[in-house]
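In what follows, a structure is listed as structure tokens, so that the remarks can point back to it.
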Amino acid sequence: MTLFPEAMPESAASPWRLAEVAPDLPLFSTFHYRIPIKLRDQAGLGKRVLVPFGRRQITGYLIGFAQSCSLPEDKIKDILKVLDPEPLFDQPMLDFFRFSSVYYFAPLGEVIKSALPAGINLASRKRLRLSEEGRKVLANGHLPMQLEETAKKLKDAIGLSATQVKKSDLIILRHRGWIEEFILMTQPRVSHKSEWALELATSPDEKQWQDLRSRSKQQARLLEQLTSGESLFKSDLSKEFKDPLRLARQLQKKGFVKIFKRVITRDPFSLDLKPEPPPSRLMPEQAEALQRIEAALDRKQFTTFLLRGVTGSGKTEVYLRAIRSGLDRGRTALVLVPEIALTPQLLSRFRHRFPEETIALLHSGLSAGERFDQWWLIRSGRARIVLGARSAVFAPLKDLGLIVVDEEHETAYKQEDVFSYHGRDLAVVRGQREQAVVVLGSATPSLESSFNAQPRKGISAKYQSLILSTRVDRKPMPVVEIVDMRGIHESAGEAFGRELSRTGTRATPEVSRAPKEEDKIPADAKVRESDRRMAESFFSPALKQALQQTLARGDQAILFLNRRGFASFLLCYDCGQRFLCPNCSVSLTWHRKASKAPHDRFYGEEKAPSFLLCHYCGFHAPAPEVCPQCFGLRVRPLGLGTERVEDEIAALLPGARLARMDSDTMSGKRSYFELLDKLRRRELDLLVGTQMVAKGHDFPHVTLVGVLLADLSLNFPDFRAGERTFQLLTQVAGRAGRGERPGRVIVQTFNPEHYSIRLAVSQDYEQFYQEEMKLRQALAWPPYQRLANFRISAPSPERAADAASELRRLAKTKARRKEYRESIGLLGPVRAPLSRLRGKSRWQMLVRAGAPSVLAGFCGEVFAEMRKKFAAGKVVIALDRDPVDLL
């Protein structure tokens, strides 16, 4: 299988004997293979090759050549096949991959694989099948009864892996010689999609037309459609003709029609959201920002701009005009966004602004085939603008002139995997390597980016600052109010506690009195009513009134709560039993309604309408009505989630048109876009959502935003908790008042004095930066120090603890060396905050250093020795450089 739909010119014969290959495996080594003479005219840097690897055959990436290597000649194996007629990447991109591999301590093959479309590689797998003797025994009916089911599976399947066969059956079948191993070559999952197409070959003369119309009206109708001169696809003609291909073949025999296959591009997004028309003029600050970006484009010199603009200040308009300037200068453009939910709005604006351009889209929401086609549009040079999530930083664009990273502060740009890269940071590196202009945009830039935009100690700033301090057309910022929930929630909590005390199992002193009417109410009903009052108390009187007034005016509102589900957890009020995930050290969240998330994300007992779900590993189980610990009947939900907010609001505002946006309601890639379009068309009055609703959306009729629990993100054990809280509150508040009417934001909090909340309310980024940087400097956290995180995971707590002890011993020994003694700081190892995740016990150790080179040298040495020591076991050692998630 090749990536190219038509023949490409072959490369000149390689004079080299050996090829250096990076395997498509999580290995840090590269390997040398002999290039057979018959393949020397095909072998080229950047191509995929099929090579032997042990008893398997795998895909590798050709990354270099040599005349000799350290292996004896008889140990060097031959390349089996060159898989591509043209290179998939060139030397500059390979250099970029190598930098990424070294910086993030990732195998080069994994880095290259991340940059290419998924599903294109070949590999062989060991499989089991019935041997000839086994088939005979099965056919004769002489097979032991307990083995029949397994034997039939082996007979009917192409091949099964050893894990798909019961272990006891496998031992017997192998001992008797009734099964055999073989190598199965897995084929690529994706390729170019083609479809039958028709076009006119020769137009009939008048007599031939008459003959066709009298004898075969269907053929005549089909031919009439082809007389326009354009090719037509079979799928389009199938709407009018029962079997267009049969008719076309009859016309082909008469010489009127050509039939051929044509490669088609799968469209990943066909929903048109009809954006607002572009403004006739820019605001003065927008014009100044654009002028400085254009000057940098003219210089063709690497420059990074930090564009800090308040919400609604027109950052996207600056991006669009800068891209136009880059295209006019013959350069291409790459635009990164943190979430796929942002892509439809941006893509619609881009398509309307650049109707003559092919715009490619790259993100995880695409199918494998769609992503393959989009990558090919870029590789072939047909797409000059690329819009995508973090992985789009590897898009194979030529003549790259401008890179835009929108909402650059978002943690979604960080990949949490074997190759744990940061899309924003690699965008800056790629811009430097390609002499491109990089624009990092945000209303709340990360502290690291703002730090890089500050000159210090006589050294000029790494980034140039661009400021947009006012909204477009000088629209006012929303009025933000803080509601202190401590007093409001205290009264509801006291009532809840009193009911629990009176109806609980513990004895409470009873005061002699006459029975009241409320005593006749069952205790269980009282708890339910108290629980309902607790939930209602999360809506302050000010927020309830504002919601009613907003909807009465015909405006729209957004309610934000960064927690899914109906309740945080279930609790037995009789014995205190909580329901925990068996694989992770977290409570299971109660979901009262069925989730629309893809079913392959979940596992466990059969899905039930009301179920408990782990948001980390996907384990689920039906919600119990009876406590399995004490058999009590008072199993009740505690806490608040978006599902519960939706129910409470429906009761409060019975006529309102409501919708909920979280990963439980978004059933597919179009569901995000359709829901946002409904809000934009005013088919919804109120949207309840998680952080999906907070990022970058522009809804002109939303005049009220309510933040229910502003403190949630403050409670994370992470030094960035304050920063993330400030960013999230500022961003969600920015959704209000972007149209003609002024906006209002109500922030409900139990910590109104906290500087992150107080300064988010006043939208004072500068003051927040100063406050937070004092803490970072005093505690030696980034950006004053560079950070790396060693992560250990193992199937048992004992193995994880043993590996952590070895890591401690090794790291402390190396830290005492002269070159590291004064510059390396160690924190841990300790159990991770999430000490168990997906069935694995977890430890972590943070390493701090002032200089990136010192951090790289120290971590590289420790990582290499730990990998070597634990290579054969089930202990996984990972190293995350510049981590953003410390859980």
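Just to be sure before I move on: is residue 258 touching a residue at least 24 places away in the same chain (Cβ under 8 Å), among the basic types (Lys, Arg) and under 30 Å from residue 447 (Cβ atoms) in the structure I sent? Answer is no for this residue. Restricted to segment 409-491, the set of strands (runs of 3 or more DSSP E) holding at least 1 residues that are at pLDDT 95 or above and touching a Ser or Thr at 6+ places or on another chain (Cβ under 6 Å) comprises 437-442, 464-468.
Does segment 221-231 contain any residue that is of a type in the set (A, V, I, L, M) and within 30 Å of residue 473 (Cα to Cα)? No, segment 221-231 contains no residue that is of a type in the set (A, V, I, L, M) and within 30 Å of residue 473 (Cα to Cα). Taken together, the residues in segment 393-425 that are open to solvent by less than 10 Å² (accessible area, probe 1.4 Å), small (Gly, Ala, Ser) and either in contact with a Gly (Cβ under 9 Å, 6 or more places away or on another chain) or without any contact (Cβ under 8 Å) to a residue 40 or more places away in the chain (or both) amount to 2.
Residues satisfying the criterion are present in segment 278-296 (criterion: out of contact with any Gly (no Cβ under 9 Å at 6 or more places or on another chain), charged (D, E, K, R) and touching a residue at least 60 places away in the same chain (Cβ under 8 Å)). From the set of residues in segment 868-877 that are more than 13 Å from residue 28 (Cβ to Cβ) and among the charged types (D, E, K, R), which is surrounded by the fewest Cβ atoms within 10 Å (Cβ to Cβ)? Looking at the filtered set, the residue picked out is 874.
Could you tell me whether residue 340 is of a type in the set (Val, Ile, Thr), within 23 Å of the chain's Cα centre (by Cα) and open to solvent by 10 Å² or more (accessible area, probe 1.4 Å)? Talk me through it step by step, then tell me what you get.
Details: of a type in the set (Val, Ile, Thr): yes; within 23 Å of the chain's Cα centre (by Cα): yes; open to solvent by 10 Å² or more (accessible area, probe 1.4 Å): yes.
Criteria met by residue 340.
Tell me the helices (runs of 4 or more DSSP H) entirely within segment 180-244 that contain at least 3 residues that are crowded, with 16+ Cβ neighbours inside 10 Å.
Working: elements: 206-215, 217-226, 234-237.
Ranges flagged: 217-226.
Scanning segment 829-867 for residues that are open to solvent by less than 30 Å² (accessible area, probe 1.4 Å), of a type outside the set (A, V, I, L, M, F, W, C) and farther than 19 Å from residue 816 by Cβ yields 839, 841, 844.
Taking segment 679-710 on its own, how many of its residues are without any contact (Cβ under 8 Å) to a residue 40 or more places away in the chain and farther than 26 Å from residue 313 by Cβ? Please lay out each step first, then the result.
Filtering segment 679-710 down to residues without any contact (Cβ under 8 Å) to a residue 40 or more places away in the chain leaves 681, 683.
Still in the list and also farther than 26 Å from residue 313 by Cβ: 683.
Result for segment 679-710: 1.
If you check 64, 54 for being under 16 Å from residue 35 (Cβ atoms) and either in contact with a Ser or Thr (Cβ under 7 Å, 6 or more places away or on another chain) or not β-branched (Val, Ile, Thr) (or both), only one passes: 64.
Being open to solvent by less than 40 Å² (accessible area, probe 1.4 Å) and more than 30 Å from residue 381 (Cβ to Cβ) is true for just one of 117, 36. Which residue is that? If you could, list the steps in order and put the result at the bottom.
Numbers: 117 fails: more than 30 Å from residue 381 (Cβ to Cβ).
Going through 117, 36 in turn, just one is open to solvent by less than 40 Å² (accessible area, probe 1.4 Å) and more than 30 Å from residue 381 (Cβ to Cβ): 36.
The strands (runs of 3 or more DSSP E) found wholly in segment 24-70 and carrying at least 3 residues that are among the β-branched types (Val, Ile, Thr) and closer than 23 Å to residue 86 by Cβ occupy 56-66.
The set of residues in segment 43-62 being in contact with a Lys or Arg (Cβ under 8 Å, 6 or more places away or on another chain) and surrounded by fewer than 21 Cβ atoms within 10 Å (Cβ to Cβ) consists of 50, 52, 55, 56.
In the condition set (1) modelled with pLDDT of 90 or more; (2) open to solvent by 10 Å² or more (accessible area, probe 1.4 Å), residue 698 is compliant with all but (1).
The values are calculated or read from the model by the stated rules, or taken from the named source; none is laboratory data. No experiment lies behind these values; they were computed from the predicted model shown. With ideal geometry, Cβ positions are generated from the backbone for all residues, glycine too; neighbour counts draw on all protein chains shown. Surface areas here come from the heavy atoms of the whole protein model, side chains and all, with no ligands, DNA or RNA. Shrake-Rupley method; radii C 1.70, N 1.55, O 1.52, S 1.80 Å.
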